[in-house]
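Step one of this worksheet: look at the structure below.
The values are calculated or read from the model by the stated rules, or taken from the named source; none is laboratory data. It should be emphasised that the depicted structure is a prediction, and the values quoted were computed from it without experimental measurement. Because the Cβ atoms are built from the backbone with ideal geometry, glycine has one as well, and the counts that use them run over all protein chains shown. Note: areas computed on protein heavy atoms with side chains; ligands, DNA, RNA excluded. Shrake-Rupley method; radii C 1.70, N 1.55, O 1.52, S 1.80 Å.
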Amino acid sequence: TDLPLPRGKVMGGSSTVNAQIFLRPHPDDFAMWVENGNDQWSYEQVLPYFINLERDLDFSEDNHGTHGPTPVRRYKEQEWLPDQAAFYAACRSLDFPDCPDANQPDSTGVGPFPLNNVDRLRYSTILTYLTPQVRDRENLTIQPDSTVYQILFEGARAIGVEVDFEGTLETVLADKIIMSAGAIASPQLLMLSGIGPADHLGDLGIPVVVDSPGVGQNLCDHPTNNMRWQLNPELKFEDRAHWHQVGLRYSSGNSNLANDMIVYAGLNPYEKFLFLRPSINFPMASGELKLSSTDPNVQPVLNYRYFDHPFDRQRQRQAIRLCLDIVHENSYKDILSDPIQPLPENLASDEALDEWILREADTGHHSASTCKMGPVTDYLAVVDQDGSVHGTEGLNVVDASIMPHCVRANINATTMMMAERIADLVS
(Lines give C-alpha, C1' and ligand atoms only; values in the text may rest on other atoms or scores of the structure.)
Protein backbone atom coordinates (compact mmCIF):
# COMPACT_ATOMS: atom_id res chain seq x y z
CA THR A 1 0.00 0.00 0.00
CA ASP A 2 1.08 3.61 -0.56
CA LEU A 3 -0.79 4.78 2.55
CA PRO A 4 1.29 6.33 5.32
CA LEU A 5 1.43 3.90 8.24
CA PRO A 6 3.00 5.62 11.25
CA ARG A 7 4.38 3.21 13.84
CA GLY A 8 5.96 3.73 17.22
CA LYS A 9 9.68 2.91 16.93
CA VAL A 10 10.06 4.90 20.12
CA MET A 11 9.86 4.37 23.86
CA GLY A 12 6.31 3.27 24.63
CA GLY A 13 5.82 1.86 21.13
CA SER A 14 2.70 2.85 19.26
CA SER A 15 1.00 3.87 22.51
CA THR A 16 3.20 6.96 22.13
CA VAL A 17 1.71 7.93 18.75
CA ASN A 18 -1.84 6.54 18.70
CA ALA A 19 -5.24 8.23 19.20
CA GLN A 20 -5.46 7.16 22.88
CA ILE A 21 -8.86 5.46 22.56
CA PHE A 22 -8.73 2.81 25.29
CA LEU A 23 -11.53 0.57 24.04
CA ARG A 24 -12.05 -3.08 24.93
CA PRO A 25 -13.17 -5.66 22.35
CA HIS A 26 -16.50 -7.47 22.30
CA PRO A 27 -16.58 -10.74 24.32
CA ASP A 28 -17.40 -12.58 21.08
CA ASP A 29 -13.91 -11.75 19.80
CA PHE A 30 -12.42 -13.97 22.48
CA ALA A 31 -15.05 -16.66 21.95
CA MET A 32 -13.75 -16.86 18.37
CA TRP A 33 -10.18 -17.13 19.64
CA VAL A 34 -11.25 -20.09 21.79
CA GLU A 35 -13.13 -21.69 18.88
CA ASN A 36 -9.90 -21.51 16.89
CA GLY A 37 -8.00 -23.56 19.45
CA ASN A 38 -6.89 -20.94 21.98
CA ASP A 39 -8.66 -22.12 25.13
CA GLN A 40 -6.55 -19.89 27.42
CA TRP A 41 -8.08 -16.73 25.95
CA SER A 42 -11.77 -16.74 26.82
CA TYR A 43 -13.40 -13.47 27.84
CA GLU A 44 -13.67 -14.72 31.42
CA GLN A 45 -9.92 -15.40 31.47
CA VAL A 46 -8.83 -12.07 29.96
CA LEU A 47 -11.25 -9.78 31.82
CA PRO A 48 -9.13 -9.71 35.04
CA TYR A 49 -6.18 -8.45 32.98
CA PHE A 50 -8.22 -5.65 31.45
CA ILE A 51 -9.35 -4.74 34.94
CA ASN A 52 -5.87 -4.85 36.48
CA LEU A 53 -4.17 -2.67 33.89
CA GLU A 54 -6.58 0.27 34.21
CA ARG A 55 -7.47 2.93 36.72
CA ASP A 56 -10.93 3.99 35.54
CA LEU A 57 -11.74 7.48 36.74
CA ASP A 58 -15.47 7.27 35.89
CA PHE A 59 -16.68 3.77 36.77
CA SER A 60 -15.75 1.53 39.67
CA GLU A 61 -18.06 -1.50 39.51
CA ASP A 62 -16.77 -5.06 39.14
CA ASN A 63 -16.11 -4.68 35.40
CA HIS A 64 -13.56 -1.91 35.92
CA GLY A 65 -10.20 -1.45 37.56
CA THR A 66 -9.46 1.34 39.98
CA HIS A 67 -5.81 0.68 40.90
CA GLY A 68 -4.07 -0.16 37.61
CA PRO A 69 -1.24 1.79 35.98
CA THR A 70 -3.28 3.28 33.12
CA PRO A 71 -5.80 6.05 33.90
CA VAL A 72 -8.95 5.89 31.77
CA ARG A 73 -11.50 8.68 31.51
CA ARG A 74 -14.33 9.90 29.28
CA TYR A 75 -15.26 13.45 28.36
CA LYS A 76 -18.37 14.56 30.21
CA GLU A 77 -21.26 15.80 28.10
CA GLN A 78 -20.67 19.39 29.19
CA GLU A 79 -17.09 19.10 27.84
CA TRP A 80 -18.09 17.91 24.37
CA LEU A 81 -17.11 20.19 21.53
CA PRO A 82 -20.01 21.39 19.32
CA ASP A 83 -19.38 18.90 16.52
CA GLN A 84 -19.11 16.04 19.03
CA ALA A 85 -22.38 17.03 20.70
CA ALA A 86 -23.97 17.28 17.24
CA PHE A 87 -22.79 13.77 16.35
CA TYR A 88 -24.21 12.33 19.57
CA ALA A 89 -27.55 14.11 19.12
CA ALA A 90 -27.84 13.00 15.50
CA CYS A 91 -27.13 9.36 16.33
CA ARG A 92 -29.67 9.43 19.16
CA SER A 93 -32.28 10.95 16.86
CA LEU A 94 -31.62 8.02 14.50
CA ASP A 95 -32.48 5.67 17.40
CA PHE A 96 -29.02 4.45 18.29
CA PRO A 97 -28.87 3.69 22.03
CA ASP A 98 -27.01 5.82 24.53
CA CYS A 99 -23.69 4.23 25.50
CA PRO A 100 -22.19 5.91 28.57
CA ASP A 101 -19.59 3.15 29.06
CA ALA A 102 -18.27 1.54 25.88
CA ASN A 103 -16.13 -0.87 27.92
CA GLN A 104 -19.13 -2.72 29.31
CA PRO A 105 -19.21 -6.15 27.64
CA ASP A 106 -22.71 -5.77 26.15
CA SER A 107 -22.44 -2.06 25.27
CA THR A 108 -23.33 -0.62 21.88
CA GLY A 109 -24.51 2.67 20.45
CA VAL A 110 -23.22 6.23 20.74
CA GLY A 111 -21.35 7.78 23.63
CA PRO A 112 -17.98 8.97 24.90
CA PHE A 113 -14.86 7.01 24.07
CA PRO A 114 -12.74 5.76 26.98
CA LEU A 115 -9.37 7.50 26.69
CA ASN A 116 -5.96 7.02 28.30
CA ASN A 117 -5.53 10.78 28.21
CA VAL A 118 -6.11 12.90 31.30
CA ASP A 119 -5.76 16.71 31.37
CA ARG A 120 -4.22 16.57 27.90
CA LEU A 121 -1.47 14.20 29.05
CA ARG A 122 -0.96 10.99 27.06
CA TYR A 123 -0.54 8.04 29.40
CA SER A 124 1.51 5.83 27.10
CA THR A 125 3.25 2.73 28.41
CA ILE A 126 6.48 4.68 28.83
CA LEU A 127 4.75 6.62 31.63
CA THR A 128 2.62 3.84 33.07
CA TYR A 129 5.11 0.94 33.00
CA LEU A 130 8.63 2.32 32.55
CA THR A 131 8.52 4.24 35.80
CA PRO A 132 11.72 5.53 37.48
CA GLN A 133 11.56 2.56 39.87
CA VAL A 134 11.41 0.10 36.98
CA ARG A 135 14.23 1.84 35.13
CA ASP A 136 16.42 1.46 38.22
CA ARG A 137 16.16 -2.34 38.17
CA GLU A 138 19.56 -4.00 37.79
CA ASN A 139 18.17 -6.61 35.39
CA LEU A 140 16.84 -4.03 32.91
CA THR A 141 18.88 -2.40 30.17
CA ILE A 142 17.17 -0.03 27.73
CA GLN A 143 19.21 0.38 24.56
CA PRO A 144 17.91 3.20 22.33
CA ASP A 145 19.01 4.04 18.77
CA SER A 146 19.06 0.34 17.90
CA THR A 147 17.59 -1.86 15.17
CA VAL A 148 17.47 -5.65 15.45
CA TYR A 149 18.74 -7.19 12.22
CA GLN A 150 18.00 -10.83 12.94
CA ILE A 151 17.42 -13.47 15.57
CA LEU A 152 20.32 -15.90 15.92
CA PHE A 153 19.74 -19.65 16.16
CA GLU A 154 21.58 -22.83 17.03
CA GLY A 155 19.42 -25.31 15.19
CA ALA A 156 15.88 -24.34 16.17
CA ARG A 157 16.88 -22.72 19.48
CA ALA A 158 17.01 -18.93 19.58
CA ILE A 159 20.23 -17.88 21.29
CA GLY A 160 20.44 -14.14 20.68
CA VAL A 161 19.93 -11.20 18.37
CA GLU A 162 22.10 -9.20 16.02
CA VAL A 163 21.59 -5.50 16.66
CA ASP A 164 22.68 -2.37 14.83
CA PHE A 165 23.56 0.05 17.62
CA GLU A 166 24.46 3.51 16.30
CA GLY A 167 25.96 2.02 13.14
CA THR A 168 27.80 -0.90 14.75
CA LEU A 169 26.56 -4.49 14.60
CA GLU A 170 26.50 -6.15 18.00
CA THR A 171 25.51 -9.64 19.15
CA VAL A 172 23.39 -9.96 22.28
CA LEU A 173 23.03 -13.51 23.64
CA ALA A 174 20.09 -14.62 25.80
CA ASP A 175 18.42 -17.76 27.13
CA LYS A 176 15.02 -16.42 26.10
CA ILE A 177 13.98 -13.84 23.53
CA ILE A 178 10.59 -12.09 23.58
CA MET A 179 9.93 -10.05 20.45
CA SER A 180 7.45 -7.17 20.58
CA ALA A 181 8.11 -5.34 17.33
CA GLY A 182 4.49 -4.99 16.21
CA ALA A 183 2.37 -6.51 13.46
CA ILE A 184 4.64 -5.26 10.67
CA ALA A 185 8.16 -5.54 12.09
CA SER A 186 7.66 -8.85 13.96
CA PRO A 187 6.85 -10.93 10.85
CA GLN A 188 9.53 -9.02 8.94
CA LEU A 189 12.13 -9.91 11.57
CA LEU A 190 10.99 -13.54 11.77
CA MET A 191 11.37 -13.92 8.00
CA LEU A 192 14.75 -12.18 7.96
CA SER A 193 15.79 -14.73 10.61
CA GLY A 194 14.63 -17.75 8.59
CA ILE A 195 11.14 -18.30 10.01
CA GLY A 196 8.43 -17.96 7.40
CA PRO A 197 7.11 -19.40 4.12
CA ALA A 198 9.99 -21.49 2.77
CA ASP A 199 9.40 -20.57 -0.88
CA HIS A 200 9.36 -16.83 -0.14
CA LEU A 201 12.51 -17.06 1.98
CA GLY A 202 14.18 -19.13 -0.71
CA ASP A 203 13.43 -16.48 -3.34
CA LEU A 204 15.45 -14.03 -1.24
CA GLY A 205 18.24 -16.48 -0.42
CA ILE A 206 17.39 -16.61 3.29
CA PRO A 207 18.25 -19.98 4.88
CA VAL A 208 15.11 -21.58 6.32
CA VAL A 209 15.12 -22.32 10.05
CA VAL A 210 11.39 -23.12 10.25
CA ASP A 211 8.98 -23.35 7.32
CA SER A 212 6.10 -21.35 8.81
CA PRO A 213 3.61 -20.49 6.03
CA GLY A 214 1.54 -18.16 8.21
CA VAL A 215 4.24 -15.57 8.88
CA GLY A 216 3.08 -12.38 7.19
CA GLN A 217 -0.29 -13.84 6.24
CA ASN A 218 -3.68 -12.96 7.76
CA LEU A 219 -2.78 -9.23 7.81
CA CYS A 220 -5.78 -7.58 9.42
CA ASP A 221 -6.84 -3.97 9.97
CA HIS A 222 -10.04 -1.93 10.30
CA PRO A 223 -10.50 -0.49 6.78
CA THR A 224 -12.07 2.94 6.60
CA ASN A 225 -12.89 5.89 4.36
CA ASN A 226 -12.55 9.56 5.20
CA MET A 227 -15.75 11.50 4.60
CA ARG A 228 -15.22 15.27 4.73
CA TRP A 229 -17.39 18.41 4.69
CA GLN A 230 -16.53 22.08 4.61
CA LEU A 231 -17.44 23.96 7.77
CA ASN A 232 -19.80 26.86 8.13
CA PRO A 233 -17.50 29.87 7.64
CA GLU A 234 -19.20 31.63 10.53
CA LEU A 235 -18.26 28.85 12.93
CA LYS A 236 -15.72 29.83 15.58
CA PHE A 237 -12.77 27.45 15.78
CA GLU A 238 -11.31 26.42 19.08
CA ASP A 239 -8.24 24.44 20.01
CA ARG A 240 -9.06 20.74 20.16
CA ALA A 241 -8.83 19.10 23.57
CA HIS A 242 -9.34 15.78 21.77
CA TRP A 243 -10.73 15.16 18.30
CA HIS A 244 -12.40 11.84 19.15
CA GLN A 245 -14.53 12.52 22.21
CA VAL A 246 -17.62 10.59 21.06
CA GLY A 247 -18.09 7.57 18.80
CA LEU A 248 -20.70 5.16 17.46
CA ARG A 249 -20.54 1.35 17.44
CA TYR A 250 -23.34 -0.68 15.93
CA SER A 251 -24.18 -3.97 14.25
CA SER A 252 -24.70 -3.83 10.51
CA GLY A 253 -28.14 -4.78 9.28
CA ASN A 254 -27.01 -7.91 7.45
CA SER A 255 -24.63 -9.22 10.07
CA ASN A 256 -24.94 -11.42 13.15
CA LEU A 257 -21.70 -9.87 14.40
CA ALA A 258 -22.19 -7.48 17.33
CA ASN A 259 -20.52 -4.08 16.90
CA ASP A 260 -19.02 -5.02 13.55
CA MET A 261 -19.06 -1.33 12.57
CA ILE A 262 -17.65 1.83 14.18
CA VAL A 263 -17.78 5.51 13.22
CA TYR A 264 -15.20 8.05 14.38
CA ALA A 265 -16.13 11.74 14.23
CA GLY A 266 -13.94 14.82 14.39
CA LEU A 267 -13.31 18.34 13.23
CA ASN A 268 -10.03 19.77 11.97
CA PRO A 269 -10.00 23.46 12.95
CA TYR A 270 -6.71 24.06 11.14
CA GLU A 271 -7.79 22.83 7.72
CA LYS A 272 -11.42 23.75 8.52
CA PHE A 273 -13.27 20.57 7.68
CA LEU A 274 -15.41 18.05 9.52
CA PHE A 275 -14.74 14.38 9.03
CA LEU A 276 -16.46 11.08 9.74
CA ARG A 277 -14.58 7.80 9.46
CA PRO A 278 -16.97 4.84 9.05
CA SER A 279 -14.90 1.70 9.59
CA ILE A 280 -15.31 -2.05 9.36
CA ASN A 281 -14.76 -3.20 12.92
CA PHE A 282 -14.76 -6.90 11.93
CA PRO A 283 -13.50 -7.26 8.33
CA MET A 284 -13.86 -10.41 6.27
CA ALA A 285 -10.93 -9.63 3.97
CA SER A 286 -7.33 -10.04 5.07
CA GLY A 287 -4.04 -9.33 3.38
CA GLU A 288 -0.39 -10.29 3.52
CA LEU A 289 3.06 -8.93 4.26
CA LYS A 290 6.11 -9.97 2.26
CA LEU A 291 9.76 -9.02 2.37
CA SER A 292 10.99 -6.69 -0.33
CA SER A 293 14.64 -7.01 0.71
CA THR A 294 16.97 -8.81 3.09
CA ASP A 295 17.88 -5.38 4.49
CA PRO A 296 15.88 -4.85 7.72
CA ASN A 297 15.85 -1.10 7.04
CA VAL A 298 13.85 -1.61 3.85
CA GLN A 299 10.13 -1.72 4.56
CA PRO A 300 8.23 -4.89 3.62
CA VAL A 301 5.50 -4.94 1.00
CA LEU A 302 2.03 -4.66 2.53
CA ASN A 303 -1.14 -5.69 0.74
CA TYR A 304 -4.09 -5.20 3.09
CA ARG A 305 -6.73 -6.06 0.47
CA TYR A 306 -9.04 -3.48 2.03
CA PHE A 307 -12.69 -4.04 1.06
CA ASP A 308 -11.68 -7.03 -1.06
CA HIS A 309 -14.60 -9.03 0.34
CA PRO A 310 -18.03 -8.09 -1.08
CA PHE A 311 -19.57 -8.12 2.41
CA ASP A 312 -17.03 -5.52 3.53
CA ARG A 313 -17.98 -3.28 0.61
CA GLN A 314 -21.69 -3.80 1.28
CA ARG A 315 -21.34 -2.82 4.92
CA GLN A 316 -19.20 0.20 4.03
CA ARG A 317 -21.76 1.44 1.51
CA GLN A 318 -24.41 1.22 4.22
CA ALA A 319 -22.12 2.98 6.71
CA ILE A 320 -21.39 5.84 4.32
CA ARG A 321 -25.07 6.37 3.67
CA LEU A 322 -25.70 6.23 7.42
CA CYS A 323 -23.11 8.97 7.91
CA LEU A 324 -24.92 11.09 5.34
CA ASP A 325 -28.11 10.62 7.35
CA ILE A 326 -26.22 11.63 10.49
CA VAL A 327 -24.92 14.94 9.11
CA HIS A 328 -28.34 15.77 7.63
CA GLU A 329 -29.83 15.75 11.12
CA ASN A 330 -30.85 19.08 12.60
CA SER A 331 -27.99 19.14 15.12
CA TYR A 332 -25.51 19.81 12.29
CA LYS A 333 -27.38 22.69 10.63
CA ASP A 334 -25.06 25.41 11.97
CA ILE A 335 -21.84 23.41 11.56
CA LEU A 336 -21.60 22.12 7.99
CA SER A 337 -21.38 23.66 4.55
CA ASP A 338 -20.69 21.70 1.33
CA PRO A 339 -19.36 18.12 0.98
CA ILE A 340 -15.71 17.63 0.06
CA GLN A 341 -15.82 13.84 -0.35
CA PRO A 342 -17.64 11.77 -1.37
CA LEU A 343 -19.36 13.99 -3.91
CA PRO A 344 -22.87 13.37 -5.31
CA GLU A 345 -21.47 11.60 -8.37
CA ASN A 346 -19.69 9.14 -6.07
CA LEU A 347 -23.04 8.31 -4.48
CA ALA A 348 -25.01 7.89 -7.70
CA SER A 349 -25.00 4.06 -7.59
CA ASP A 350 -23.56 1.11 -5.69
CA GLU A 351 -20.97 0.73 -8.44
CA ALA A 352 -19.91 4.38 -8.24
CA LEU A 353 -19.72 4.20 -4.47
CA ASP A 354 -17.71 0.96 -4.58
CA GLU A 355 -15.23 2.65 -6.91
CA TRP A 356 -14.85 5.54 -4.46
CA ILE A 357 -14.58 3.20 -1.44
CA LEU A 358 -11.75 1.23 -3.06
CA ARG A 359 -9.95 4.29 -4.40
CA GLU A 360 -10.15 6.18 -1.09
CA ALA A 361 -9.59 3.22 1.25
CA ASP A 362 -7.56 4.15 4.31
CA THR A 363 -5.95 2.38 7.24
CA GLY A 364 -7.58 2.19 10.65
CA HIS A 365 -4.04 2.10 12.10
CA HIS A 366 -4.82 -1.24 13.75
CA SER A 367 -2.57 -3.69 11.92
CA ALA A 368 -2.69 -7.15 13.49
CA SER A 369 -2.63 -10.92 13.07
CA THR A 370 0.48 -11.44 10.91
CA CYS A 371 1.90 -14.05 13.34
CA LYS A 372 -1.37 -15.42 14.54
CA MET A 373 -1.87 -17.56 17.60
CA GLY A 374 -3.20 -21.08 17.21
CA PRO A 375 -2.47 -24.81 17.62
CA VAL A 376 0.13 -26.57 15.47
CA THR A 377 -2.74 -28.18 13.58
CA ASP A 378 -3.62 -24.73 12.21
CA TYR A 379 -1.63 -24.39 8.98
CA LEU A 380 -1.29 -20.60 9.34
CA ALA A 381 -0.67 -20.44 13.11
CA VAL A 382 2.77 -19.02 13.96
CA VAL A 383 2.73 -19.07 17.77
CA ASP A 384 0.99 -21.03 20.48
CA GLN A 385 -1.06 -19.59 23.33
CA ASP A 386 1.87 -18.10 25.24
CA GLY A 387 3.42 -16.60 22.13
CA SER A 388 6.03 -19.36 21.68
CA VAL A 389 6.98 -19.61 18.02
CA HIS A 390 6.03 -23.02 16.62
CA GLY A 391 9.06 -25.10 15.68
CA THR A 392 11.50 -23.11 17.81
CA GLU A 393 12.75 -23.01 21.39
CA GLY A 394 13.42 -19.92 23.47
CA LEU A 395 11.52 -17.50 21.22
CA ASN A 396 8.19 -15.75 21.89
CA VAL A 397 6.26 -13.03 20.09
CA VAL A 398 4.04 -10.76 22.17
CA ASP A 399 2.28 -7.96 20.29
CA ALA A 400 -0.74 -7.36 18.06
CA SER A 401 0.69 -9.67 15.39
CA ILE A 402 -0.37 -12.76 17.38
CA MET A 403 -4.08 -11.87 17.55
CA PRO A 404 -5.96 -14.61 15.65
CA HIS A 405 -8.09 -11.83 14.13
CA CYS A 406 -8.11 -8.10 14.79
CA VAL A 407 -10.56 -7.38 17.58
CA ARG A 408 -13.61 -5.13 17.39
CA ALA A 409 -11.85 -2.21 19.06
CA ASN A 410 -8.82 0.02 18.86
CA ILE A 411 -6.09 -2.47 19.66
CA ASN A 412 -3.93 -0.72 22.27
CA ALA A 413 -5.78 -1.94 25.37
CA THR A 414 -5.96 -5.50 24.02
CA THR A 415 -2.25 -5.56 23.18
CA MET A 416 -1.44 -4.44 26.72
CA MET A 417 -3.78 -7.10 28.14
CA MET A 418 -2.08 -9.78 26.03
CA ALA A 419 1.34 -8.71 27.28
CA GLU A 420 0.18 -8.91 30.89
CA ARG A 421 -1.41 -12.33 30.37
CA ILE A 422 1.53 -13.84 28.49
CA ALA A 423 3.89 -12.51 31.16
CA ASP A 424 1.95 -14.73 33.57
CA LEU A 425 1.78 -17.69 31.17
CA VAL A 426 5.55 -17.77 30.57
CA SER A 427 6.64 -17.00 34.15
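I'd like the full set of residues that are modelled with pLDDT of 95 or more, part of a loop (DSSP other than H, G, I, E, B) and either among the hydroxyl-bearing types (Ser, Thr, Tyr) or open to solvent by 30 Å² or more (accessible area, probe 1.4 Å) (or both), limited to the range 305-353.
Of everything in the range 305-353, those that are modelled with pLDDT of 95 or more, part of a loop (DSSP other than H, G, I, E, B) and either among the hydroxyl-bearing types (Ser, Thr, Tyr) or open to solvent by 30 Å² or more (accessible area, probe 1.4 Å) (or both) turn out to be Arg305, Tyr306, Asp308, His309, His328, Glu329, Leu343, Ala348, Ser349.
For the range 32-50, indicate whether the set of residues that are free of Cβ contacts under 8 Å to residues at least 40 places away in the same chain, surrounded by 14 or more Cβ atoms within 10 Å (Cβ to Cβ) and closer than 30 Å to Gln299 by Cβ is non-empty.
Within the range 32-50 (the criterion being free of Cβ contacts under 8 Å to residues at least 40 places away in the same chain, surrounded by 14 or more Cβ atoms within 10 Å (Cβ to Cβ) and closer than 30 Å to Gln299 by Cβ), the answer is no, since none of the residues qualifies.
Given the conditions (1) free of Cβ contacts under 8 Å to residues at least 24 places away in the same chain; (2) closer than 15 Å to Leu395 by Cα; (3) open to solvent by less than 60 Å² (accessible area, probe 1.4 Å), report the number of the one that Ile177 does not fulfil.
Only one criterion in (1) free of Cβ contacts under 8 Å to residues at least 24 places away in the same chain; (2) closer than 15 Å to Leu395 by Cα; (3) open to solvent by less than 60 Å² (accessible area, probe 1.4 Å) is unmet by Ile177, namely (1).
Anything in the range 15-31 that is at pLDDT below 95 and open to solvent by 60 Å² or more (accessible area, probe 1.4 Å)? List them, or say none.
Val17
Which members of the range 76-113 meet the condition of being closer than 14 Å to Trp243 by Cβ, modelled with pLDDT of 95 or more and in a loop (DSSP other than H, G, I, E, B)?
Hit for the range 76-113 is Phe113, nothing else.
Could you tell me how many of the residues in the range 114-130 are assigned to a loop (DSSP other than H, G, I, E, B) and surrounded by fewer than 22 Cβ atoms within 10 Å (Cβ to Cβ)?
Of the residues in the range 114-130, 5 are assigned to a loop (DSSP other than H, G, I, E, B) and surrounded by fewer than 22 Cβ atoms within 10 Å (Cβ to Cβ).
With the requirement that a residue be of a type outside the set (Ser, Thr, Tyr) and modelled with pLDDT of 95 or more, what does the range 263-273 give you?
Val263, Ala265
Let me spell it out: the conditions are (1) at pLDDT 95 or above; (2) part of a loop (DSSP other than H, G, I, E, B); (3) open to solvent by 20 Å² or more (accessible area, probe 1.4 Å); (4) not acidic (Asp, Glu), and Tyr149 meets all of them except one. Which number is the exception?
(2)
Here is a list of conditions, (1) under 28 Å from Val301 (Cα atoms); (2) touching a Ser or Thr at 6+ places or on another chain (Cβ under 8 Å); (3) open to solvent by 40 Å² or more (accessible area, probe 1.4 Å), and Gly12 meets all of them except one; can you say which number that is?
All conditions pass for Gly12, except number (3).
So in the range 51-66, with the set limited to residues that are open to solvent by 30 Å² or more (accessible area, probe 1.4 Å) and in a loop (DSSP other than H, G, I, E, B), which one is modelled with the lowest pLDDT?
First, pick out the residues of the range 51-66 that are open to solvent by 30 Å² or more (accessible area, probe 1.4 Å): 51-52, 55, 57-62, 66.
Still in the list and also in a loop (DSSP other than H, G, I, E, B): 57-62.
Details: Leu57: 97, Asp58: 97, Phe59: 95, Ser60: 90, Glu61: 83, Asp62: 86.
Only one residue fits best here, namely Glu61.
Just to check your reading of the model, which residue among Ser427, Ser401 is hydroxyl-bearing (Ser, Thr, Tyr) and surrounded by fewer than 23 Cβ atoms within 10 Å (Cβ to Cβ)?
On the way: Ser401 fails: surrounded by fewer than 23 Cβ atoms within 10 Å (Cβ to Cβ).
None of the others qualify; the one that does is Ser427.
Could you list, in sequence order, the residues of the range 255-264 that are buried (at least 21 other Cβ atoms within 10 Å of the Cβ) and not in a strand (DSSP E or B)?
Filtering the range 255-264 for residues buried (at least 21 other Cβ atoms within 10 Å of the Cβ) gives 259-264.
Result: Asn259, Asp260.
Please state which of the following conditions Arg24 fails to meet, knowing it meets all the rest: (1) touching a helix residue (DSSP H, G or I) at 6+ places or on another chain (Cβ under 7 Å); (2) of a type in the set (D, E, K, R); (3) more than 24 Å from His242 (Cα to Cα).
Condition (3) is where Arg24 drops out.
Test Leu267 against the criterion of being in contact with a strand residue (DSSP E or B) (Cβ under 8 Å, 6 or more places away or on another chain) and open to solvent by less than 10 Å² (accessible area, probe 1.4 Å), and give yes or no. Write out each step before concluding.
Values: in contact with a strand residue (DSSP E or B) (Cβ under 8 Å, 6 or more places away or on another chain): yes; open to solvent by less than 10 Å² (accessible area, probe 1.4 Å): yes.
The answer is yes for Leu267.
Here is a list: Pro69, Pro100, Pro82. Which entry is open to solvent by 50 Å² or more (accessible area, probe 1.4 Å) and touching a residue at least 60 places away in the same chain (Cβ under 8 Å)?
Result of the check over Pro69, Pro100, Pro82: Pro82.
Can we say Leu140 is modelled with pLDDT under 95, in a helix (DSSP H, G or I) and not charged (D, E, K, R)? Give the derivation first.
Numbers: modelled with pLDDT under 95: yes; in a helix (DSSP H, G or I): no; not charged (D, E, K, R): yes.
No: the conditions fail for Leu140.
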